[in-house]
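The values are calculated or read from the model by the stated rules, or taken from the named source; none is laboratory data. Bear in mind that the values here come from a model prediction, so they are computed numbers and not experimental data. Cβ coordinates were reconstructed from backbone atoms using ideal geometry, including for glycine residues, and neighbour counts include every protein chain displayed.
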Amino acid sequence: MSNDRIIDVLNGLIEISRDGAKGFRTCAEDTDDAALKPYFENRAQSCENAIRELSGEVRRYGGDPDTGGTVTGALHRAWVDLKTALASGNSFEVLEECERGEAAAVIAYENALREELPGNLRALLELQCDGAKRNHDRVRQLRDTARHTSLT
């Protein structure tokens with residue numbers, strides 16, 4: 001695999017990680033749930049750590065790290081804001097949108113791992129993919145709990 005292809009793959013993951021960080025920050029700002037706010041802030045920090053690691057790898061392969069998110073990510077955050085405003089801070093609605101964003105991150109990592117990657121880079125991406133999967137599973141669990149709570 002060429003360095004240019006590696007850089008493209010890594011920059012795609014930087015974009016999705018930046019979307020995740022911004023999405024979790026948006027959720028932290030939009031939720032009225034005192035227990036969820038620190039969780040979202042922690043997940044945003046985790047995404048920012050991934051961005052730093054990926055950016056270092058992009059530089060190592062001779063590229064410039066991506067500095068923006070995706071248009072889809074910006075639309076997703078706007079949707080979170082709108083749904084939250086309409087739902088008056090309903091945790092279920094916020095968590096539902098977070099779960100969608102995390103599902104997109106898992107897919108992006110799984111697609112990246114289908115590429116022919118050097119061993120050390122593959123190990124890093126597998127570790128980050130596992131983190132994205134844990135985020136997704138936890139957000140889905142929180143969403144399902146919030147759904148159950150809102151129905152009772």
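Miscellaneous remarks
- Tally, over segment 34-45, of residues that are free of Cβ contacts under 8 Å to residues at least 40 places away in the same chain and assigned to a helix (DSSP H, G or I): 6
- Verdict on ARG143 being of a type in the set (Lys, Arg) and either free of Cβ contacts under 8 Å to residues at least 12 places away in the same chain or buried (at least 18 other Cβ atoms within 10 Å of the Cβ) (or both): yes
- Failed criterion for LEU75 (all others in (1) at pLDDT 85 or above; (2) over 24 Å from ALA35 (Cβ atoms); (3) surrounded by fewer than 20 Cβ atoms within 10 Å (Cβ to Cβ) hold): (1)
- On inspection, TYR61 qualifies as within 28 Å of ASP8 (Cβ to Cβ), over 19 Å from the mean Cα position of the chain (by Cα), among the aromatic types (Phe, Trp, Tyr) and at pLDDT 95 or above.
- Any chance GLU48 is at pLDDT below 80, touching a helix residue (DSSP H, G or I) at 6+ places or on another chain (Cβ under 6 Å) and not in a loop (DSSP other than H, G, I, E, B): no
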